[in-house]
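Presented below is the structure to which this report refers.
The values are calculated or read from the model by the stated rules, or taken from the named source; none is laboratory data. Since the structure is predicted, the reported quantities are computational estimates derived from the model, not experimental observations. Glycine gets a Cβ as well: all are built from the backbone with ideal geometry, and neighbour counts include every protein chain shown.
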Amino acid sequence: MSKAQVVLGTFYGDEGKGKIIDYLSKDADIAVRCTGGSNAGHSIEVDGKKFAFHLIPSGIFNKGTLAIIGNGVVVDPKVLIEEMNELEENGISTENLYISEKAHIVFPYHCEMDKLLEENRGNNKIGTTARGIGPAYCDKFERCGIRAEDLISDNFEGLLTVNLNNKNKIFEMYGHPTVDLKQTLADYKKYAEILKPHITDTITLLHKALESDKKILCEGAQASLLDIDFGSYPFVTSSNPSIGGFCTGSGISAKDIGEVYGVLKAYSSRVGSGPYVTEQNNEIGDRIRELGHEYGVTTKRPRRCGWLDLVALKYVVRLNGITGLAINHVDTIGKLDKFKLCVAYNHNGEITTDFSTNVNFLNNCTAVYEDFDGNFGDISKCKTRAELPENAKKYLARIEEFVGVPIKFIGTGAGREAMIVE
């Protein structure tokens, strides 16, 4: 039997997972999205055109590759259909797209609940995208969620009526706008007609593929430090974008997982609230943001930017059993004259290399840095690590030395081909 490959983010998302997934999926028979919802996004540039996706796996661009949205994803049908239409309009077929019958569906009342909850947090806002992801997962665990198999069943109208009316009672209590049942029902019946041919038992499909020695690539959304269990809670997402979520979000067992690739940038970034030890809320952070075009795919919000944090990276490597790293934006960091790398924390006067997601701990830490020289020049044409300038090689070697994992992919530019593969 074959082993599934996993690609996951190592920090707070936006690491450029799509580029690595795009490369690996060229040889994959199946590409699976396992967690998250339309609050996450990734960009892929194909033949000079940039596609910004939130739900569809990147593997859809490769003819012959099945693209699966796993049971761990919460699916907004409107967003999904818009993405499908964009692909079809650009000559890319969606016939090979499948949705797990067990995937939960996002409804307008989830989005309204998201807004209501955030409004009432006052000064403790999480920084949600208001896409309804958290409330959809809440319904899943409350056991009142509506799944893809329900969307296309005869019971759908009854299930929706009960859920929507219950949510509207809450909205009325808080003076929040309610959601129209008739319009929602009409919209989602249309969505169901479009999506019905794509909804199937993806768990059986995946295991039969493994038994037939097919190559499976599991692609993550967001990243490990946003994990509901292992991230900087409560400033996290509502699912498990770490290794466990790939099993529970797809139905693939732990023994079926092979290589685990952790994606990072040569610097770091974060969207939304929460602690961020290496953040540069200054001219340097602004410069990194502009050089790296650090604006959210989903929200267009400017990302908080800073130096790469090896203390956090080592934690994530341990947590996920990462076997290889993929580092993007090496060309970007190389545009600076000098830059820094965090190799320890100073926690109230004590130096440590042990990471904790405890918010109080992180808020009382300052970064201990090592300095590096930049000015890499144009590295986009480099095809091997040996061709990189010495300053770049020193930086990459220090990262490998600290975390004990080899760098397998080196991003040298924005294009899908601008990458060194070791």
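Determine whether Ile199 is closer than 30 Å to Asp337 by Cβ and either outside the structural domain of Leu66 (by TED's automatic domain parsing) or not charged (D, E, K, R) (or both).
On the way: closer than 30 Å to Asp337 by Cβ: no; either outside the structural domain of Leu66 (by TED's automatic domain parsing) or not charged (D, E, K, R) (or both): yes.
In short, no.
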Of all the residues that make up the range 61-80, how many are part of a helix (DSSP H, G or I), in contact with an Asp or Glu (Cβ under 9 Å, 6 or more places away or on another chain) and among the β-branched types (Val, Ile, Thr)? 0
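For residues in the range 38-53 being surrounded by 22 or more Cβ atoms within 10 Å (Cβ to Cβ) and of a type outside the set (S, T, N, Q), which is farthest from Asp187 (Cα to Cα)?
Initial filter on the range 38-53 (surrounded by 22 or more Cβ atoms within 10 Å (Cβ to Cβ)): 38-40, 42, 53.
Now restrict to residues that are of a type outside the set (S, T, N, Q): 40, 42, 53.
Values: Ala40: 23, His42: 26, Phe53: 22 Å.
Among those residues, the one meeting the criterion is His42.
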If I go through the range 57-94 residue by residue, how many of them are within 29 Å of Tyr109 (Cα to Cα) and in contact with a Gly (Cβ under 8 Å, 6 or more places away or on another chain)? 9
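Could you please find all residues in the range 357-368 being part of a strand (DSSP E or B) and not hydroxyl-bearing (Ser, Thr, Tyr)?
Taking the range 357-368 first, the residues part of a strand (DSSP E or B) are 365-368.
Answer for the range 357-368, where residues must be part of a strand (DSSP E or B) and not hydroxyl-bearing (Ser, Thr, Tyr): Cys365, Ala367, Val368.
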Failed condition for Pro108, given (1) at pLDDT 95 or above; (2) within 16 Å of Ile69 (Cβ to Cβ); (3) not polar (S, T, N, Q): (2)
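Here is a check on your reading of the model: is Tyr233 outside the structural domain of Phe355 (by TED's automatic domain parsing), assigned to a helix (DSSP H, G or I), within 21 Å of Ile133 (Cβ to Cβ) and aromatic (Phe, Trp, Tyr)?
Working: outside the structural domain of Phe355 (by TED's automatic domain parsing): yes; assigned to a helix (DSSP H, G or I): no; within 21 Å of Ile133 (Cβ to Cβ): yes; aromatic (Phe, Trp, Tyr): yes.
Judged against the criteria, Tyr233 is not a match.
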For the range 173-222, give me each residue that is part of a helix (DSSP H, G or I), more than 28 Å from Thr248 (Cα to Cα) and acidic (Asp, Glu). Asp187
If we only count strands (runs of 3 or more DSSP E) wholly inside the range 272-348, which ones have 3 or more residues that are touching a Ser or Thr at 6+ places or on another chain (Cβ under 7 Å) and closer than 26 Å to Ile44 by Cα? 304-306
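Got a sec? Which of Glu83, Glu118 is assigned to a helix (DSSP H, G or I) and either at pLDDT 95 or above or within 24 Å of Cys34 (Cβ to Cβ) (or both)? Give the derivation first.
Details: Glu118 fails: either at pLDDT 95 or above or within 24 Å of Cys34 (Cβ to Cβ) (or both).
Among Glu83, Glu118, only Glu83 is assigned to a helix (DSSP H, G or I) and either at pLDDT 95 or above or within 24 Å of Cys34 (Cβ to Cβ) (or both).
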If you check Asp378, Asp354, Asp371, which single one turns out to be part of a strand (DSSP E or B) and either surrounded by 14 or more Cβ atoms within 10 Å (Cβ to Cβ) or outside the structural domain of Ile126 (by TED's automatic domain parsing) (or both)? Asp371
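Look at the range 149-166 and say how many of its residues are out of contact with any Pro (no Cβ under 9 Å at 6 or more places or on another chain) and surrounded by 14 or more Cβ atoms within 10 Å (Cβ to Cβ). So that I can check it myself, show each step before the final result.
Going residue by residue through the range 149-166, those that are out of contact with any Pro (no Cβ under 9 Å at 6 or more places or on another chain) are 149-150, 152-163, 165-166.
Among the residues that remain, those that are also surrounded by 14 or more Cβ atoms within 10 Å (Cβ to Cβ) are: 149-150, 152-153, 156, 159-160, 163.
The qualifying residues number 8.
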Return the pair list, or none, for Cβ contacts closer than 7 Å from residues in the range 399-419 that are in contact (Cβ under 8 Å) with a residue 24 or more places away in the chain and at negative phi to residues that are aromatic (Phe, Trp, Tyr) and surrounded by fewer than 19 Cβ atoms within 10 Å (Cβ to Cβ), at least 6 apart or on different chains. Met419/Tyr23
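Out of contact with any Pro (no Cβ under 9 Å at 6 or more places or on another chain), assigned to a strand (DSSP E or B) and of a type outside the set (D, E, K, R) - does that describe any residue in the range 391-404?
Filtering the range 391-404 down to residues out of contact with any Pro (no Cβ under 9 Å at 6 or more places or on another chain) leaves 391-399, 401-404.
Pick out the ones that are also assigned to a strand (DSSP E or B) and you get none.
No, the range 391-404 contains no residue that is out of contact with any Pro (no Cβ under 9 Å at 6 or more places or on another chain), assigned to a strand (DSSP E or B) and of a type outside the set (D, E, K, R).
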Please work out which residue is surrounded by the fewest Cβ atoms within 10 Å (Cβ to Cβ), limiting yourself to the range 85-134 and to residues that are closer than 14 Å to Ser238 by Cα and of a type in the set (S, T, N, Q). Thr128
When you scan the range 1-17, how many residues do you find that are buried (at least 24 other Cβ atoms within 10 Å of the Cβ) and on the phi < 0 side of the Ramachandran plot? 10
Determine, yes or no, whether Arg304 is closer than 23 Å to Gly13 by Cβ, out of contact with any His (no Cβ under 6 Å at 6 or more places or on another chain), outside the structural domain of Ala40 (by TED's automatic domain parsing) and without any contact (Cβ under 8 Å) to a residue 12 or more places away in the chain. no
